[in-house]
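Below is one structure, written out as structure tokens; comments come after it.
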Amino acid sequence: MDTPQAADTVLDDPVGRSLRGAHAGLARRRGRTATYLPGVATFAAVPSDPAPGDWADLAALLGPGALADLFSAPAIPPADWSPVFALDGRQLVGPVRTGGPDPDGVVELGAADVPEVLELVARTRPGPFGPRTVELGTYLGIRAGGVLVAMAGERLRPPGWTEISAVCTAPEARGRGHAAALVRALQHRITARGERPFLHVADDNDAALRLYARLGFTERRRVRFTGARVPTS
Ligand SMILES: CC(C)(COP(=O)(O)OP(=O)(O)OC[C@H]1O[C@@H](n2cnc3c(N)ncnc32)[C@H](O)[C@@H]1OP(=O)(O)O)[C@@H](O)C(=O)NCCC(=O)NCCS
């Protein structure tokens, strides 16, 4: 296990770098702006120095009245875009972790598991998740008595990095090491590809912050997640 040393500036724009790179096949683009296909993710990317024309492109891409989920981008939308949310959080980077096969009980989740995945997400609220989010990467789960009780997966893919996301355990299955096992299994896969893991967590999520610290993740920067509504006219 060691700490990431690779250039990490791509982590300043993880959404844009994913949409222009590994996730180009899941992207819709207009000019210098981009977003994910409906149901995959709500995130949208604008350049770091957005001009009025870029906001016009994003408005055309998303449509009137739509949510522009800017993720952690510091860009400030025009005055007639109404703020929808602002949430303070942290971006953490994780150690590489070489390892063997997945622990017993860890399974890969696919399209057929989406209804169960969405049910677990609704119960645990790990963050935004849509019916096609599992297409972004590998999603792993743990079942108890045939029922999905824990999962975690890969989301943003800026060059050289993979974001671990949707880490969640049903309340009745917590404190058994499920989340730790799943994050470790993802770290092994990411490391095996020659990439580094990173993730995002809200400032007030103490249980998750403890979990990630125990697994060796350290803070790279503070972030603020923001969303705004595209004007209707
Ligand atoms: C954060 C979350 C994923 C943790 O899931 P979990 O499966 O309970 O995690 P773990 O079991 O690996 O670790 C949880 C605790 O159990 C402890 N634990 C793990 N295995 C244990 C065992 N065999 N015996 C006793 N305690 C154990 C861990 O030390 C940890 O203790 P701590 O919280 O005091 O540090 C879960 O609380 C959750 O789903 N939260 C809501 C969704 C969310 O916020 N996700 C994160 C988004 S960034």
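The values are calculated or read from the model by the stated rules, or taken from the named source; none is laboratory data. Note that this is a predicted model, so its numbers are computed, not measured. Methodologically, a virtual Cβ is constructed for each residue, glycine included, from the backbone with ideal geometry; neighbour enumeration extends over all protein chains shown.
Side notes on the structure shown:
- Comparison of Asp88, Asp57 shows that the only residue that is buried (at least 18 other Cβ atoms within 10 Å of the Cβ) and acidic (Asp, Glu) is Asp57.
- Residue ID - farthest from the ligand (Cβ to nearest atom), chosen from residues in segment 204-218 that are under 16 Å from the mean Cα position of the chain (by Cα) and not in a helix (DSSP H, G or I): Phe217
- Which listed residue is surrounded by fewer than 23 Cβ atoms within 10 Å (Cβ to Cβ) and either in contact (Cβ under 8 Å) with a residue 12 or more places away in the chain or near the ligand (Cβ under 8 Å from one of its atoms) (or both), from Gly153, Gly146, Gly160: Gly160
- Within segment 194-233, being small (Gly, Ala, Ser) and either surrounded by 13 or more Cβ atoms within 10 Å (Cβ to Cβ) or in contact with a strand residue (DSSP E or B) (Cβ under 7 Å, 6 or more places away or on another chain) (or both) holds for Ala202, Ala208, Gly216, Gly227, Ala228.
- Candidates Leu58, Leu37 - the one that is in contact (Cβ under 8 Å) with a residue 60 or more places away in the chain, in contact with a Lys or Arg (Cβ under 9 Å, 6 or more places away or on another chain), closer than 21 Å to Ser233 by Cα and not polar (S, T, N, Q): Leu58
- Residue in segment 108-118 that is touching a His at 6+ places or on another chain (Cβ under 9 Å) and in the same structural domain as Ile190 (by TED's automatic domain parsing) present: no
- Selection count where residues are surrounded by 23 or more Cβ atoms within 10 Å (Cβ to Cβ), more than 6 Å from the ligand (Cβ to nearest atom) and over 18 Å from Leu92 (Cβ atoms), scope segment 174-189: 0
- Within segment 18-45, tally of residues that are small (Gly, Ala, Ser), crowded, with 24+ Cβ neighbours inside 10 Å and farther than 21 Å from Ala111 by Cβ: 2
- Residue pairs meeting the criteria (Cβ under 9 Å; at least 6 apart or on separate chains; first without any contact (Cβ under 8 Å) to a residue 60 or more places away in the chain, in segment 69-89; second loosely packed, with under 13 Cβ neighbours inside 10 Å and part of a loop (DSSP other than H, G, I, E, B)): Ala75/Ser48; Ala75/Asp49
- Test for Val201: is it closer than 23 Å to Thr9 by Cα, among the hydrophobic types (A, V, I, L, M, F, W, C), modelled with pLDDT of 95 or more and within 15 Å of the ligand (Cβ to nearest atom): yes
- Selection status of Ala185, assigned to a helix (DSSP H, G or I) and touching a Lys or Arg at 6+ places or on another chain (Cβ under 9 Å): no
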